[in-house]
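A short worksheet on the structure shown next.
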């Protein structure tokens with residue numbers, strides 16, 4: 001697992017690393033290239049008073065006050081995104097062995113909020129941790145393919161296609 005985590009404020013390119021089974025695994029923050037704003041990416045982003053609509057705030061006491069608070073919060077989140085105070089990113093894991101990169105894009109997850117209001121970015125580290133098994137499997141697969149090629153390469157039988 002990653003013993004260090006991403007900071008409470010991150011920038012594209014920030015990296016955390018860990019050592020597992022002799023592999024060095026790096027998790028990097030990459031800006032998501034999808035330009036869609038939050039209200040187009042998330043059903044129910046805007047609060048609603050209609051029970052069948054995404055974002056329905058539910059019945060009960062003070063529903064108008066709850067709606068007004070939810071509306072103000074959604075507007076603040078949109079404004080922060082427009083100003084670049086937070087962004088969507090991907091967490092991309094790469095794996096190396098003895099300084100040789102085996103899998104530069106071993107595993108990834110995209111569409112994650114970074115520097116989202118009132119969060120500490122701990123979810124970014126959690127995502128990196130959950131991607132570790134997939135990244136290690138990709139690295140092991142590369143090693144297995146290299147092992148099958150090695151005898152031919154060493155005997156001079158391997159040719160470029």
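Below is a table of values for the structure above.
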quantity	calculated
Percent of alpha-carbon pairs separated by more than 22 Å within the chain	57 percent
Calculated FRET value between residue 130 and residue 21, using beta carbons and R₀ = 25 Å, to 0.05	0.90
Alpha-carbon spread of segment 1-92, three principal axes, descending order, Å	57, 26, 22
Degrees separating the helix 63-82 axis from the principal Cα axis of the chain, which is the longest one	40 degrees
Principal-axis tilt of helix 122-154 within the chain, Cα atoms, nearest 10 degrees	20 degrees
DSSP beta bridges in the chain [antiparallel fraction, %, rounded to 5]	95 percent
Alpha-carbon centroids, segment 113-135 and segment 9-28: separation in whole Å	12 Å
Value of [θ]222 nm, deg cm²/dmol, for the chain, DSSP H segments ≥ 4, -39500 (n - 2.57) each, nearest 500	-12000 deg cm²/dmol
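Quick note: the coordinates plus some simple rules give every number you see, no bench work behind them. The shown structure was predicted, so the numbers you read here are calculated from the model rather than taken from an experiment. A quick note on method: Cβ atoms are made from the backbone with ideal geometry, for glycine too, and the neighbour counts reach across all protein chains shown.
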